[in-house]
Structure formats: C-alpha cells, structure tokens
Amino acid sequence: MPKIKKISELISLAKPLVIFDLETTGLSVNLDRIIEVAYLKIMPDGKIIKNDLLLNPEMKIPDEAFAVHGISDDKVKDQPTFKDKAEELYEVFSDCSYSGFNVFNYDLPMLKREFLRAGLDFNYANAKIIDAKVIYHHMEPRTLSAAYKFYCKKEHIGAHNALADVEATAKILSKQLEKYEETRDWDFIYKIHHLLDDRFVDTDRKFYWRSGEAYFAFSKHKDRPLAEIAEKDRGFLEWIIGADFSEETKEIARKALNGELPKK
C-alpha cells in the first residue's frame, strides 16, 4: 500500500495517525449511534493497521440513514454493540493523531459520545487533527474567481464588479454545459441541487428528517420532534413566527401550530 505508507514520509508522526470514517444511524450526536467504524492506523515507522467493524446500534436504522449507506437492520442485528468493542476501539484510538473527511466536526464528536456511553473518556482536546475536508476547502477556494480560473483557464479581471461577475458566471456556465453533458438535463440539475439537502426538511436546515418525522436541528429543542414541541411548547413556535427567521421556517412553525406537520 505505497500511497498510504508515504503519509508517514510526508508528515512527521510523533504519534500514530488514525484515519477513520463512521457510518451512523443519523445526524444527531446525542440521539444516534455508530453502526460501522473503518480505520487505518499509521504508526510513526510507517506500519499500518487496518480494520472495518460493523456494530449493532441497538436501535432501528432510520430510512434516511439507510438511503445514505445501505446498511440495514438485518445486516447489523447479529453484530457486537459499540460497548462490546469499546475497550478494543479505545486501545486503537487513544493517544493518537486523527484524520478523515469531516472528522473535526462530526466523526470525532460522535466517537467521543459513544465512548462516554460505554464509560470511557475519549479526550482528544489536545490531539493533532488533520481533516482532509478542511484542507480541501482551504486550499481549493470555492469562489467565482477560482471557478473562472478552473473552467476558463484565465484570471477573473474585475472581481466583485457586478456586471463583470455576471459575465464571468455566464462563461463558467457555458463551459460547464459543454464539459458535462448531463448538466443539459433539467431533471439532473434538480437532483444535484437537492441531493445534499435531502436529509433536511427545509433549505435553512432548521429541521431534519428522522424516520420520516421532522426534528429540530437547532435551539434548546435540538433533536426533539417538531410534533412534540407543537404540543408541549407552542409558545416557542409562536416565537419563531415573530422572530428573524426565513419565511420557510416560519411557515413550518405556523403549520405545526395548526396540526399540519411536514411530510417526507
């Protein structure tokens, strides 16, 4: 595995580097559970330890999660739980540096929460973290000027002048339509514009889907069902309607107060 081994030659490793990914039952660190842990542990001398574990989350896997990773309840029902494997995983992950794609914001907090449930304090506060997503977004800016340079092969002169930006965008779009044949299909365009948001009820991501039901993704009611709040804390929904939220969010609150909940 020469490409992986090269990491230990490119960056100094005082501690093992664990590159890992989790599959889970959903988006909530508080409510959801890990159902798969895959990792490569690169030792400072270049040696690699690799493993992939399926875990029984002890809860039903929501349809929204199954649509993402394809792991069914049947596939994990006879697998060990995270608690069963906690000591083994703790040994793997303790006192290391960490990497992955979006581990900083999601995978590491989720892993810490699972270890806590198993009675183990996985503290990575002082650990070195090298997140491939953070590097990607920092080193390859997603700006109009960057897109113009990528597609049109020249610098965008007059950036932030409105008309110059519009003309640059038109040229980028023309290049994209020419380069990617599928982008000439309006059905495909609709699909990719909604693909990343299909786990959420609204475009502002204030509510997310869980087993076909809308849950709060923010506020003191985070990870609680909208239906429950509409019944027990109607004043909070009334506050949303009068506060500085988008009309879409307000409309969801209005309908919920009237007994009309979002349907997936």
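Which of the strands (runs of 3 or more DSSP E) contained wholly in segment 1-62 include at least 2 residues that are farther than 29 Å from residue 221 by Cβ and within 17 Å of the chain's Cα centre (by Cα)?
17-24, 34-42
Quick test of your reading of the structure: residue 105 fulfils all but one of (1) at pLDDT 95 or above; (2) touching a helix residue (DSSP H, G or I) at 6+ places or on another chain (Cβ under 9 Å); (3) assigned by TED's automatic domain parsing to the domain that holds residue 32. Name the failing condition by number.
Every listed condition holds for residue 105 apart from (1).
List the pairs whose first member sits in segment 101-117 and is over 15 Å from residue 129 (Cα atoms), whose second member is among the aromatic types (Phe, Trp, Tyr) and at pLDDT 95 or above, and whose Cβ atoms are under 6 Å apart, counting only residues at least 6 apart or on separate chains?
Every condition considered, the pairs that remain are 114/82; 115/122.
Is there any pair linking a residue in segment 125-144 that is in contact (Cβ under 8 Å) with a residue 24 or more places away in the chain and assigned to a helix (DSSP H, G or I) to one that is surrounded by fewer than 13 Cβ atoms within 10 Å (Cβ to Cβ) and not hydroxyl-bearing (Ser, Thr, Tyr), with Cβ under 9 Å and at least six apart or on different chains, and which?
Close Cβ pairs satisfying both conditions: 133/105; 134/105; 144/160.
Check every one of the helices (runs of 4 or more DSSP H) wholly within segment 195-264 and list those with 3 or more residues that are farther than 30 Å from residue 33 by Cβ.
The helices (runs of 4 or more DSSP H) meeting that bar are 234-242, 247-257.
Regarding residue 121, is this residue out of contact with any Lys or Arg (no Cβ under 7 Å at 6 or more places or on another chain), over 30 Å from residue 168 (Cβ atoms), acidic (Asp, Glu) and in a loop (DSSP other than H, G, I, E, B)?
Criteria met by residue 121.
Restricting to segment 224-253, and then to whatever is in contact with a helix residue (DSSP H, G or I) (Cβ under 7 Å, 6 or more places away or on another chain) and under 14 Å from residue 207 (Cα atoms), can you tell me which residue is surrounded by the fewest Cβ atoms within 10 Å (Cβ to Cβ)?
250
The values are calculated or read from the model by the stated rules, or taken from the named source; none is laboratory data. What you see is a predicted model, and the numbers here were worked out from it, not measured in a lab. Glycine also receives a Cβ, built like all others from the backbone with ideal geometry; neighbour counts cover every protein chain displayed.
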